[in-house]
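The values are calculated or read from the model by the stated rules, or taken from the named source; none is laboratory data. A quick note: this is a predicted structure, and the numbers were derived from the prediction, not measured. For neighbour counting, all protein chains shown are included, and Cβ atoms are generated from backbone atoms with ideal geometry for every residue, glycine included. Ligands, DNA and RNA are stripped out before the accessible areas are found, and what is left, the full protein with its side chains, is counted by its heavy atoms. Shrake-Rupley method; radii C 1.70, N 1.55, O 1.52, S 1.80 Å.
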Amino acid sequence: GFEPAAVDDSDLLIEDRWILSRLASVTKQVTENLAAYRYAEAARELYSFAWDDFCSFYVEITKARFAVPEQRAVAQRVLAHALDTLLRLLHPMTPFLTEEVWQLLGSVASSRGLTPAIAAESVCIAQWPEAEESHIDAAIEQQFAQFQAVMSAVRNIRTENNIPPKESVSFSVRCDEPTKALLEPMVPYFDSMARATATSIGPDATAPERSASKPLEGMEVHLDISDFFDVAAEQKRLTGEKEKLAKFAKSINGKLANENFVSRAPAEVVEAERAKLAEVEEKLAAVEAALAKL
């Protein structure tokens, strides 16, 4: 049922503006890296975008919109445009796969794009995409990066505690006020994508009595597992996390205790190591607190 038509900015939802921003950023980065012969870096950027952003998040978010008549068409058009661009970016690295998908995409959307145009007969003669820098929105990308981090934590805790995907869960996020402001508009997506309800977000958010926790950079995610609680399994998981963080902290401390490193390394490198140590120690304290609670 795809029908090509121009997509107006006013019709874009927040997830559309996010994927278009990421697409423009990645197009710019990949083009620059290929021009400088940094093929491995270009490949890493494309893998991360294709798997983490496009497939795991944007495709999943837009599934619900296909059932809403007034949202379906824009979702289809942005999906087709993003996939078209992604195939052209990937083509130098995976030519046979991208040609196959290009032909399949052409069979349902021969004319596509935010301003529709007939697609090239083959991806290998299609024009290399240009980064639409007007689409780049650092604030939205930061907002979704926080959302993705919390969503991944919720999904990981589910997996680690063998909670079936169909079971509804609730969680809280302890974070600062700026992060709270970024996460709160994303609350409906946690429910639609992970059957997870956010009960509290912000500096005052507390962990449920029986919870599984995941420390993140500047955040703590606590998922209520009262109905699925396995004390031994959670202790084992947290102990493993504690040992890993303690080992990492010891490694950084050893580096900072090395007079040769501190005196010879650039000041910004030493400062970065100190910041990294502070972050690790913060995560370690959160894990130890969760263990003590158990």
- Query: Hey, if we sort D9, D227, D191, D84 by accessible area with the 1.4 Å probe, largest down, what's the order?
  - Reply: D227, D9, D191, D84
- Message: Could you compute the net charge surrounding W18? Neighbours are other residues with a C-beta less than 10 Å from the C-beta of W18; K and R count +1, D and E count -1.
- Response: -3
- Note on the structure: The percentage of the accessible area of the chain (probe 1.4 Å, all protein chains present) made up of carbon and sulfur atoms, to the nearest whole number, is 53
- Note on the structure: Taking a label point 7 Å from the Cα of A278 along Cα-to-Cβ, the residues of segment 205-236 whose backbone nitrogen sits under 20 Å from it are 215-220
- Along the Cα-to-Cβ line of T199, 7 Å from the Cα, sits a label point; which residues in segment 140-173 have backbone N less than 13 Å from it? 169-173
- Query: Considering only protein heavy atoms, what per residue accessible area in square angstrom results for the chain with a 1.4 angstrom probe?
  - Reply: 54
- Work out, step by step, the length gained on full extension between A139 and D191: first 0.36 nm times the residue separation, then minus their alpha carbon distance; give nm to one decimal. 16.4 nm
- Query: Excluding ligands and nucleic acids, what accessible area in Å² is computed for E273 using a 1.4 Å probe, to the nearest 10?
  - Reply: 20
- Item | Pair-distance profile P(r), taking every C-alpha pair of the chain, with 10 angstrom steps and integer % | 6, 22, 26, 24, 16, 5, 0
- Message: Run the reach check for K250 against aspartates and glutamates, Cα to Cα strictly under 18 Å, same-chain hits fewer than 8 apart removed. What comes back?
- Response: E241, E259, E271, E273, E279, E281, E282, E288
- Query: Top to bottom by accessible area (1.4 Å), largest first, where do C55, C124 land?
  - Reply: C124, C55
- How many angstrom lie between the C-alpha centres of segment 129-159 and segment 242-286? 27
- Query: Highest mean first, what order results for 87-94, 39-46, 63-70 on Cβ atoms within 10 Å?
  - Reply: 87-94, 39-46, 63-70
- All Cα pairs of segment 190-273, percent lying beyond 15 Å: 72
